[in-house]
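Heads up: the structure comes next, in structure tokens.
The values are calculated or read from the model by the stated rules, or taken from the named source; none is laboratory data. Everything numeric in this text was worked out from a predicted model, so none of it was measured. Counting neighbours? That spans all protein chains shown, and the Cβs are built from the backbone with ideal geometry, glycine included. In case anyone asks, the SASA skips ligands and DNA or RNA and just uses the protein heavy atoms, side chains included. Shrake-Rupley method; radii C 1.70, N 1.55, O 1.52, S 1.80 Å.
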Amino acid sequence: MHNVVFVLGPPGSGKGTICAKIQENLGYVHLSAGDLLRAERQREGSEFGALIEQHIRNGSIVPVEITCALLENAMNNSGDAKGFLVDGFPRNEDNLQGWNKQMTGKALIQFVLFLSCPVPICIQRCLNRGQGRTDDNEESLKKRVETYNHQTFPIIEHFEKNGLVREVKSERSVEEIYADVVEVFNQTAKV
Ligand SMILES: Nc1ncnc2c1ncn2[C@@H]1O[C@H](COP(=O)(O)OP(=O)(O)OP(=O)(O)O)[C@@H](O)[C@H]1O
Ligand SMILES: Nc1ccn([C@H]2C[C@H](O)[C@@H](COP(=O)(O)O)O2)c(=O)n1
Ligand SMILES: [Mg+2]
């Protein structure tokens, strides 16, 4: 049974940055759904490359059958990990239903780490990111924020109703955010 922490928040809220620090210090393995999709997009012979690129540029969400298979494969190939930080997933109802269908009995959701951050700050972070992403532009970001507000935030609200959300305000410095994140993990370990 894989232990899983979902990491959600608007584009540019710092999910990847904070997950990297958690992985470095707390023994969890970071799996970014976006990174896995970008790798699949580039993979020689992938039948999904064009579809993935279209969704990424459009800020829309790839069908869960593709994304969940990549996540499950990565978890199964990660050896005996303490747990997995599943970054940027589930991002919509299709993701959530697909996860429930494919991963029930295989994964236990410990909690959802929600990095909340004002959208204008997030947009500036993405525009300044400098990683050459095809979706770090005004047009794509507009659509990504739209997707987050209308499709992803309802997923966070779903988990909130089940008492699983741990919100950390993320407009602050990385150090301040991470200090609160460590406390969240410490509190979970005590339960
Ligand atoms: N607390 C912070 N303060 C200032 N800059 C930050 C902070 N956290 C992350 N950044 C920077 O903002 C950019 C976006 O961060 P990151 O890639 O971690 O966000 P993300 O939530 O994973 O975004 P996406 O959903 O687009 O993948 C990066 O350039 C990162 O270095
Ligand atoms: N569950 C997911 C996660 C990501 N994607 C696609 C669409 C996103 O805009 C893009 C980039 O994700 P990020 O690296 O910003 O977390 O990847 C998806 O379709 N489904
Ligand atoms: Mg990211």
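Rounded to the nearest whole Hz, the Karplus-based 3J(HN,Hα) values (6.51 cos²θ - 1.76 cosθ + 1.60, θ = phi - 60°) of region 138-153 follow the sequence 3, 5, 5, 5, 4, 6, 5, 5, 4, 4, 4, 5, 9, 10, 8, 4, with x at glycine and proline.
Once the Cα-Cα distance is subtracted from the 0.36 nm per residue extended length, the GLU93 to ALA20 segment shows a gain of 23.6 nm. Close amide H pairs (under 5 Å, H built 1.01 Å from N) link ASP87 with VAL7, LEU31, SER32, ALA33, residues at least 5 positions away or on another chain. Of all accessible surface on the chain at a 1.4 Å probe, what whole percent is carbon and sulfur? Carbon plus sulfur share of accessible area: 50 percent. Working from label points 7 Å from Cα in the Cα-to-Cβ sense, the GLN54 to SER116 distance is 3.6 nm. Region 63-83 and region 135-191 have Cα centres lying 21 Å from one another. Calculated accessible area for the chain comes out at 51 Å² per residue, all protein chains present (probe 1.4 Å; ligands, DNA, RNA ignored).
For the chain, the 222 nm mean residue ellipticity estimated from helices alone, with every DSSP H stretch of n ≥ 4 adding -39500 (n - 2.57) and the total spread over all residues, rounds to -16000 deg cm²/dmol.
Filter the cross-link list LYS82/LYS106; LYS15/LYS106; LYS15/LYS101; LYS15/LYS82; LYS82/LYS161 down to pairs whose alpha-carbon distance in this structure exceeds 22 Å. In this structure, LYS15/LYS106; LYS15/LYS101; LYS82/LYS161 exceed 22 Å between Cα atoms. Once both labels are positioned 7 Å from their Cα atoms along Cα-to-Cβ, the gap between HIS158 and ASN186 label points is 3.3 nm.
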